[in-house]
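Below is one structure; the comments refer to it alone.
The values are calculated or read from the model by the stated rules, or taken from the named source; none is laboratory data. Quantities reported herein were computed from a predicted structural model and do not represent experimental measurements. Note: ideal-geometry Cβ built from the backbone for every residue, glycine included; neighbour counts use all protein chains shown.
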Amino acid sequence: MPECHSTNDVALERCQQENPTEGTVIFTDNQTAGRGQRGNAWFAEPGKNLTFSLILKPSFLAVRHQFQLNIILSLAVHDFLSKTLPDVRIKWPNDILVNNKKICGMLIENSILGQTIRYAVCGIGLNVNQRQWPEERITAMAMVTHQDYDLKSVLASLLECIEVRYLQLRSGNHHETRQEYLDRLIGFNHPQQFITADGTLQGMIVGVDEEGQLQVQTEDALRTFRPKEIQVSSTEA
Ligand code: BTN
């Protein structure tokens, strides 16, 4: 679409009104009301970045395993970016950082019926050719490599990486993908200071549970957190 408010909203409307084929991608050059995690807005200069939503129907995936979708999509973006960029890392739950700066964000919205996932709208914003951002902590592919990219080719290559990881998910080896995710996760097994609603906390990320909650080992306990409950540092000391 040349322009739309939010590709996730368009995809969700399609899913409610018709029965789109699995693998349908809603892609726009100009997303005017992009949505991010935690109710934040997602901004991207028109024609310079990837803003798209992929419709999946992972009926094979138990609802309690739905975080596996975040895992395989994070791995797919990581697979794609690390072909050309250095120092690509995942920041829990599913941000992708290059040189400690955010290059990609995801908003995955699932529709659940009973014990099955009817559909998953996987919204991905990947910063590609935009070289100026309001915040220092954001980057784009072109800022790292000093070259411009053809957006359609980037989309096609990224979708190939997603397909590979999705087929891996369908074959069911959750343990292996979870371990790969942890290996690429910023702060995994590194002591750090976290910010929580109760103040600062000294600890170490030791895992992510089935529901996607972050497991932090502190001096005296193993604690779990949802995304809104804890702030993880973007760097490793
Ligand atoms: C985040 O906050 O990190 C998630 C950002 C997700 C942005 C993408 S852009 C395409 C899709 N449509 C939306 O409205 N949001 C997602």
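Specify which of the listed residues (E136, E180) is acidic (D, E), surrounded by 13 or more Cβ atoms within 10 Å (Cβ to Cβ) and at pLDDT 95 or above.
Details: E136 fails: surrounded by 13 or more Cβ atoms within 10 Å (Cβ to Cβ).
The unique qualifying residue is E180.
Within region 38-88, the set of residues being in a strand (DSSP E or B) and free of Cβ contacts under 8 Å to residues at least 40 places away in the same chain comprises A41 only.
Name the pairs: first residue in region 15-37 and in a loop (DSSP other than H, G, I, E, B), second residue away from the ligand (no atom under 16 Å from the Cβ), Cβ to Cβ under 6 Å, at least 6 apart or on different chains? What qualifies is E22/K57.
Scanning region 83-120 for residues that are away from the ligand (no atom under 15 Å from the Cβ) and farther than 26 Å from P58 by Cα returns K83, T84, L85, P86, D87, V88, N99, N100. Within region 150-173, not a single residue is basic (K, R), exposed (fewer than 13 other Cβ atoms within 10 Å of the Cβ) and touching a strand residue (DSSP E or B) at 6+ places or on another chain (Cβ under 6 Å). If the condition is being of a type in the set (G, A, S) and either touching an Asp or Glu at 6+ places or on another chain (Cβ under 7 Å) or within 13 Å of the ligand (Cβ to nearest atom) (or both), then region 7-65 contributes A11, A33, G34, G36, G39, A41, A44, G47, S53.
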